[in-house]
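In what follows, a structure is listed as structure tokens, so that the remarks can point back to it.
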Amino acid sequence: MLEHIKSTNLRKTILRALNKKDFEEVSSEDLLTIENILLDATDFNSNSEKININDIDHFPNLKSVTLQHFLIDDKSIESLDEQLSLSTISFVNCIFDCRQAAILGKYPKIIKFIGCTNLPHRLSGIKKLYIEQCGIDFDSIDFSSLEYLKIGYSKIRNVHDLDEKCRTQEIEVLNSTLLDKNGNEVETIKVPTGTKFSNEKINSDYYDNRDR
């Protein structure tokens, strides 16, 4: 039994990932088999220790993680960038409190922000970036290394044309509001040769695009 894992919330999460019912059956070898997991910082049991970012260290072969309801600071970003095997990180309903740039460049990753607040002022070293139901500053995105960007149901501030430093192959915008530096709404931007840009409006359920 893994006695060092004391959080009831984390134990339940591990049982779901392994499709087991009794934590006493879980071994260190079992943790090595977990490649995808959802970690929720919500404290469902007031008598239990909450799940935190460092709990990712229990899963050395993790390839994809979804972090839900976390407060993400600079130390959290540094910890995530140290994960050798981790290739995809999804932030869902997280609040960011980053004083430094969110550089995830040691091992370029796929990053997803869904319903998050106060996104980092600089996003660098990311391979593919997905943003949904968020407010974001266009200037925060480093297009010099980003391969693909998709933004949906969001408000994007300070939108402007991109020069030849942009290495992004495709920028896809869906049901979002694009505002230039003066706060005026725009429909398209100029992009360098080799970059595909699309901005589509489709019929869908209502989403609140307030600037988060």
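The values are calculated or read from the model by the stated rules, or taken from the named source; none is laboratory data. Quick caveat, the model's predicted, so the values are computed rather than measured. Methodologically, a virtual Cβ is constructed for each residue, glycine included, from the backbone with ideal geometry; neighbour enumeration extends over all protein chains shown.
Key figures
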item: Hey, GLU132 at pLDDT below 90 and either of a type outside the set (A, V, I, L, M) or over 25 Å from LEU179 (Cβ atoms) (or both) or not; result: no
item: Positions within segment 168-203 being at pLDDT below 95 and under 25 Å from the mean Cα position of the chain (by Cα), in sequence order; result: LYS201, ILE202
item: Members of segment 78-112 found to be closer than 19 Å to LEU62 by Cα and aromatic (Phe, Trp, Tyr), listed by number; result: PHE91, TYR107
item: Qualifying positions in segment 139-154 - crowded, with 18+ Cβ neighbours inside 10 Å and in contact (Cβ under 8 Å) with a residue 24 or more places away in the chain; result: PHE143, ILE151, GLY152, TYR153, SER154
item: Any chance LEU10 is over 13 Å from the mean Cα position of the chain (by Cα) and modelled with pLDDT of 95 or more; result: no
item: Single residue of ILE111, ILE72, ILE89 found to be closer than 16 Å to SER145 by Cα, crowded, with 20+ Cβ neighbours inside 10 Å, modelled with pLDDT of 90 or more and not hydroxyl-bearing (Ser, Thr, Tyr); result: ILE111
item: Counted residues, segment 95-144 - those being of a type in the set (Ser, Thr, Tyr), under 20 Å from GLU170 (Cα atoms) and not in a loop (DSSP other than H, G, I, E, B); result: 3
item: Test set (1) in a loop (DSSP other than H, G, I, E, B); (2) surrounded by fewer than 16 Cβ atoms within 10 Å (Cβ to Cβ); (3) touching a residue at least 24 places away in the same chain (Cβ under 8 Å) - CYS166 fails condition number; result: (2)
item: Members of segment 17-70 found to be in contact (Cβ under 8 Å) with a residue 12 or more places away in the chain, part of a helix (DSSP H, G or I) and charged (D, E, K, R), listed by number; result: GLU24, ASP30, ASP55
item: Test set (1) surrounded by fewer than 12 Cβ atoms within 10 Å (Cβ to Cβ); (2) without any contact (Cβ under 8 Å) to a residue 12 or more places away in the chain - LYS6 fails condition number; result: (2)
